[in-house]
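Structure first, commentary second.
The values are calculated or read from the model by the stated rules, or taken from the named source; none is laboratory data. Everything quoted here is computed from the prediction, not taken from an experiment. Cβ placement follows ideal geometry from the backbone for every residue including glycine, while neighbour counts extend to all protein chains displayed. For accessibility, only protein heavy atoms count, side chains too; no ligands or nucleic acids. Shrake-Rupley method; radii C 1.70, N 1.55, O 1.52, S 1.80 Å.
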Amino acid sequence: MSDTPVVPTSIKIVVAGGFGVGKTTMVNSVSEIPPLRTEEVLTEASVGVDDMRGIEGKETTTVALDFGRITINPQVVLYLFGTPGQNRFWFMWDELAHGALGAIVLVDTRRLDSSFPSIDFFERRDIPFIIAVNGFEGSWEHTAEEVRQALDIAPTVPIINCDARIKDSSKDVLVELVQYTMDLLNKAPV
């Protein structure tokens, strides 16, 4: 038996989506460490800039990133990078997505239009992603196929319902993403 310490494989996951879809909530619910958050209070300066439809009660926003960690086993550690949702912070996305195994695009079906920029971002960069429909009031009234059609995504992209506030639900989304990306890697030509 070796006394050499095990150096775990680090896997970078991006949690993305539109403004107010629950990215910070998901990272917070599932991280085993106190997450790093760069949230600031929404101010009058955001009036007319940020689309507050459906999220009128939102008081804070991520201005750089959210960061969390999950140890799968001694050999594998997931690092979660939550993106800011507003367009004015999109300059951060290239850096946050660099080297990512895959991404979760968190979706609020009440505001599907806010999902298109995230989907386009990952499609253009060939970064595998899944769709996680966050369980806001009325958001699960649509089937996965209806969401797929509305978002115009490939039939191979997984769609999963979740409640970003609940740790086990967020873990299920991460498992789905890791399984999906591993399947893609196993099918890739050598």
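The table below lists the values:
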| quantity | calculated |
| --- | --- |
| Flag for Ile72 being of a type in the set (Val, Ile, Thr), surrounded by 12 or more Cβ atoms within 10 Å (Cβ to Cβ) and modelled with pLDDT under 90 | yes |
| Subset of segment 1-28 that is surrounded by fewer than 15 Cβ atoms within 10 Å (Cβ to Cβ) and touching a strand residue (DSSP E or B) at 6+ places or on another chain (Cβ under 7 Å) - its residue that is modelled with the lowest pLDDT | Pro8 |
| Residue under evaluation Asn161, criteria (1) more than 21 Å from Lys12 (Cα to Cα); (2) touching a Gly at 6+ places or on another chain (Cβ under 6 Å), criterion not met | (2) |
| In segment 144-190, the residues that are of a type in the set (D, E, K, R), out of contact with any strand residue (DSSP E or B) (no Cβ under 7 Å at 6 or more places or on another chain) and more than 30 Å from Thr71 (Cβ to Cβ) | Glu145, Glu146, Asp152 |
| Residue in segment 29-38 that is open to solvent by less than 20 Å² (accessible area, probe 1.4 Å), touching a Leu at 6+ places or on another chain (Cβ under 9 Å) and at pLDDT 55 or above present | yes |
| Residue count, segment 153-175 (criterion: of a type outside the set (A, V, I, L, M, F, W, C) and open to solvent by less than 70 Å² (accessible area, probe 1.4 Å)) | 4 |
| In segment 114-128, the residues that are open to solvent by 10 Å² or more (accessible area, probe 1.4 Å) and in contact (Cβ under 8 Å) with a residue 40 or more places away in the chain | Ser114, Pro117, Ile127, Pro128 |
| Selection within segment 140-162 - farther than 17 Å from Gly22 by Cβ and either basic (Lys, Arg) or in contact with an Asp or Glu (Cβ under 6 Å, 6 or more places away or on another chain) (or both) | Arg148, Pro158 |
| Qualifying residue in segment 110-122 (condition: over 15 Å from Ala16 (Cα atoms) and not aromatic (Phe, Trp, Tyr)) | yes |
